[in-house]
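See structure below.
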Amino acid sequence: MGDIIEVLSKLEDFAFVKGVSENDIAKAEENLGVQFAPDYKQYLAEYGLASADGHELTGIVKSPRLNVVDVTIKLRKKFKNVPVDAYVLEEVGIDKLVIFQISDGSIYKATPESQFIKVADSLSEYLEK
């Protein structure tokens, strides 16, 4: 498992916006009632929002389509059995597939009709697959 900043920067078609403050991160966590995993916090502090290698990750930005708070609140209403500490990393856009992360850093995939299936132990591992 690599450092998330290093992993992202080595991916194809890497693009990002400016990172956000610890205060912005804390507000997002408070709004969702979750603790972000350490690697997601590191990602937000460095980049705020990023896309690379076909992934368009959520972040802390004004766009409701990509803002982790807005996207997570919207999808909590559509998904059954969402763990209380889950937040959306990525809306894949194929077959309603969504990628979630929980506070321990584990990454899960799910559709509104399916169970949560663990796909990685960390954000770095997910992106490296």
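Taking the Cα centre of the chain as the origin and placing charges on Cβ (Lys, Arg +1; Asp, Glu -1), which of 8, 48, 64 is farthest toward the positive end of the dipole? The Cα lying farthest towards the positive end belongs to 64.
Take the Kirkwood radius over Cα pairs of the chain, plug it into Stokes-Einstein at 4 °C and 1.567 mPa s, and you get 90 µm²/s for translational diffusion. Taking trypsin sites (Lys or Arg not before Pro) across segment 44-100, the ones in a DSSP loop with at most 11 further Cβ atoms lying within 10 angstrom of their Cβ are 62, 65, 80. When the pairs 78/118; 80/129; 18/80 are compared against a 31 Å limit on Cα-Cα distance, 18/80 fall above it.
Checking every one of the GluC sites (Glu not before Pro) in segment 26-129 against DSSP loop status and a limit of 14 other Cβ atoms within 10 Å picks out 113.
Here residue 45 and residue 80 are evaluated by their C-beta separation; at R0 = 30 Å the FRET efficiency comes out at 0.40. Evaluated with a Cβ-only charge set (Lys, Arg +1; Asp, Glu -1), the chain carries a dipole of roughly 660 debye about its Cα centre, given to the nearest 20. As a check on your grasp of the helix formula, calculate [θ] at 222 nm for the chain: sum -39500 (n - 2.57) over DSSP H runs of n ≥ 4, divide by the residue count, round to the nearest 500. One gets -9500 deg cm²/dmol as the mean residue ellipticity at 222 nm.
Full extension of the chain between residue 111 and residue 94 gives 5.2 nm of extra length, using 0.36 nm per residue less the Cα-Cα distance.
Every number in this text was worked out from the coordinates using simple rules, so none of it is lab data. Fair warning: this is a prediction, and the values are worked out from it, not measured in the lab. Glycine also receives a Cβ, built like all others from the backbone with ideal geometry; neighbour counts cover every protein chain displayed.
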